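Peer 1: This is the structure, below, for whatever I ask next.
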Amino acid sequence: MKTKNLVEQYLRLEPQFRERRFKDRGIVNLLMKRHFNLDQAIRQGVLLTKEFMVELVQEYATMDRAWRQALEQDPTLRGNDYDDKARLEDEHKIALGYGPGHDADVKKLGTLV
């Protein structure tokens, strides 16, 4: 099964996977289903080879892109927190000491230089 189809199917079957905070755990579950030796290694506490980890990281990135694309294309697959990202980013910037509209100031400064 193609990665994109696998991710979309899992989004339909597991509503928690739609939430950003459960995305990584859901992708790990998919990787464990796809790679039996990963599931075995995790259960037995076996160390993994570097080559296998590179393969997993590359496949994780593909699944992450498929997850984002599926949520963008099909609003019914989005979790309750889908629209919270911009607000949470703004709150975090303010907590770090940046003022409101900071991004606009940086863009304006870029046009003056």
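Peer 1: Using just the helices of the chain, give the 222 nm mean residue ellipticity in deg cm²/dmol: DSSP H runs with n ≥ 4 each add -39,500 (n - 2.57), and the total is spread over all residues, rounded to 500.
Peer 2: When only DSSP H runs of four or more count, the value is -23000 deg cm²/dmol.
Peer 1: Once label points are set 7 Å from the Cα along Cα→Cβ at both Val46 and Arg21, what is their separation, rounded to one decimal in nm?
Peer 2: 3.5
Peer 1: How high is the FRET efficiency from Asp39 to Lys2, r the C-beta distance, R0 22 Å, rounded to 0.05?
Peer 2: 0.60
Peer 1: Now a separate question. Under the Karplus relation 6.51 cos²θ - 1.76 cosθ + 1.60, θ = phi - 60°, what is the ordered set of whole-Hz ³J(HN,Hα) values for region 4-13, x standing for Gly and Pro?
Peer 2: Karplus-based 3J(HN,Hα) across region 4-13 equals 4, 5, 4, 5, 4, 4, 5, 4, 6, 7 Hz.
Peer 1: I've got another one for you. Between Val54 and Ile94, what length comes free when the chain is fully extended (0.36 nm per residue of separation minus the Cα-Cα distance, one decimal in nm)?
Peer 2: 10.8 nm
Peer 1: Right, here's the next one. P(r) of region 43-103 in 10 Å steps, Cα pairs, percent per bin?
Peer 2: Calculated P(r), rounded to whole percents: 17, 25, 26, 27, 5, 0.
Peer 1: Can you tell me the convex hull volume per residue for the chain, based on C-alpha atoms, in Å³ to the nearest whole number?
Peer 2: 183
Only the coordinates and a few stated rules stand behind these numbers; no lab work does. Here the structure is a predicted model, which is why all the values come from computation and not from measurement. Here the Cβ is made from the backbone with ideal geometry for all residues, glycine too, and neighbour counts use every protein chain on show.
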